[in-house]
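The values are calculated or read from the model by the stated rules, or taken from the named source; none is laboratory data. Treat the numbers as computed from the prediction; the structure is a model and nothing was measured. So basically every Cβ, Gly included, is an ideal-geometry build from the backbone, and we count neighbours across all protein chains shown.
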Amino acid sequence: MNKIDFRFAFIALMIMAAGCSGRFYNRVITYDDEFRNSSKRIARVSIRNDERRTEVTSAKIVFEKVKDVSGGESYPSAYFVIARSSTSFRIESDGYMKAGGQKFELKLVEPVSEFKTESESSSSSLVSADSTGVSSYETSDTSTNMWFDEKFIIDFTPEMVTAIRSSDELTFRFYFGPLQATYILDGKRLKAVKGVYQE
């Protein structure tokens with residue numbers, strides 16, 4: 001394979017990988033669960049904290065609506081995973097949502113803090129030869145990233161769902177000690193969330 005073909009194959013592979021990673025975000029996906037006798041709609045959203053220069057960064061949210069097939073009752077909720085640095089405070093037990101011009105207090109259900117690490121190693125070597133002989137040098141470097149994932153669930157009331165469906169912008173606010181984290185959903189993200197909670 002010549003150099004141009006290799007570059008083309010590499011670029012095509014990167015484009016496909018990027019397309020696959022975002023394939024499940026900002027879309028409504030429907031599942032039928034015969035074991036739980038239910039049907040569910042979900043939408044995955046990935047979003048950065050609107051506050052700048054903070055130890056609390058991105059959030060991955062799965063919005064879900066489960067409908068019991070036999071009774072017809074539905075259960076709307078959202079599953080949050082918020083990343084924060086190891087030097088920040090843990091999340092407080094309540095938060096807030098603003099939708100459709102209304103503010104709602106949220107109780108975090110089943111909150112869990114998970115400590116995460118990721119190590120990356122690199123090494124290089126150099127061999128040089130001159131009239132005095134051959135010299136070789138080898139260096140290696142390891143960097144470790146550490147952070148916490150705050151995981152919790154929010155159960156939505158019917159009033160909250162109505163406000164989400166009528167909203168042009170959906171805002172979540174959480175507090176981590178003295179810091180705040182604000183996540184604003186609009187555009188295609190909000191469209192996906194509304195698709196989950198449609199009638």
Q: Inspect the range 127-137 for any residue being in contact (Cβ under 8 Å) with a residue 24 or more places away in the chain and either among the basic types (K, R) or over 30 Å from A192 (Cα atoms) (or both) and give the result as yes or no.
A: no
Q | Subset of the range 52-80 [surrounded by 15 or more Cβ atoms within 10 Å (Cβ to Cβ) and closer than 26 Å to M146 by Cα] | A | T54, E55, V56, T57, A59, K60, I61, V62, A78, Y79, F80
Q. Residues in the range 86-94: is at least one in contact (Cβ under 8 Å) with a residue 12 or more places away in the chain, loosely packed, with under 14 Cβ neighbours inside 10 Å, of a type in the set (G, A, S) and more than 24 Å from D168 (Cβ to Cβ)?
A. yes
Q: Give K103, K194, K107, K151 a once-over and let me know the one that is more than 19 Å from Y75 (Cβ to Cβ) and not polar (S, T, N, Q).
A: K103
Q: Would you be able to say whether some residue in the range 139-154 is without any contact (Cβ under 8 Å) to a residue 60 or more places away in the chain, surrounded by 10 or more Cβ atoms within 10 Å (Cβ to Cβ) and farther than 27 Å from S58 by Cα?
A: no
Q. In the range 25-68, which residues are polar (S, T, N, Q), part of a strand (DSSP E or B) and closer than 15 Å to A192 by Cα?
A. T30, S46
Q) Does E55 satisfy the condition of being touching a Leu at 6+ places or on another chain (Cβ under 8 Å) and over 18 Å from I153 (Cβ atoms)? A) yes
Q: Would you please name the residue that is modelled with the lowest pLDDT, looking only at residues in the range 69-109 that are assigned to a strand (DSSP E or B), out of contact with any Lys or Arg (no Cβ under 9 Å at 6 or more places or on another chain) and among the polar types (S, T, N, Q)?
A: S85
(Q) For the range 136-189, give me each residue that is more than 27 Å from T54 (Cα to Cα), in contact with a Gly (Cβ under 8 Å, 6 or more places away or on another chain) and of a type in the set (S, T, Y). (A) T162, S166, S167
